[in-house]
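What follows is calculated from the coordinates using simple rules that are stated; it is not laboratory data. Remember, it's a predicted structure, so these values are computed and weren't measured experimentally. Every residue, glycine as well, gets a Cβ built from its backbone with ideal geometry; the counts of neighbours run over all protein chains shown.
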Amino acid sequence: MAWAVLLVSGVLEAVWATALSASDNFRKGKPTALFAVALVASLGGLAFAMTRLPTATAYAVWVGVGAVLTVLIAVARGQERFTPARAALLAVLVGCVVGLKAVG
C-alpha cells in the first residue's frame, strides 16, 4: 500500500510542478488551485509512505517519479525537446527508482 501511495504522490508532484509553472506566478486561478491541491495531496502521500518505508528511499522514489513525469509532460506540451541523451538519462533514473523498490 505504501508503494502505491508513494507512486501516486510522485505523479502528483509532476502535476503540481507543471501547474506551478502554468500559474504565471500565482496570477492564474485554475493552475494555482491545481497546484495547491496537488501539492497538499502529494506531500500527504509522501508523509504517509515515509511512515512505512525508509525515508531516503521514499524521498528518492518520490523525486524520481516526479522528475521523470515532469520532463515527459513538458516534452508532450512542446516546452522541451526529447533528445536521445535525455531519453537515456530518464531511463537511468527510472531504473534507479525500480532498483530502489527491488532492494527495499
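Just a few scattered comments:
- Cβ-derived FRET efficiency at R0 25 Å, residue 8 paired with residue 91, nearest 0.05: 0.70
- Sorted ascending by nearby beta carbons within 10 Å, beginning with the fewest, 1, 50 become 1, 50.
- Considering only 91, 19, 49, the mean-square fluctuation computed in a Gaussian network model of the chain, springs between alpha carbons under 10 angstrom, is largest for 91.
- Considering only 85, 17, 60, the Gaussian network model of the chain with Cα springs below 10 Å gives its largest mean-square fluctuation to 85.
- Neighbour-count ranking [beta-carbon atoms within 10 angstrom, fewest first] of 57, 51: 51, 57
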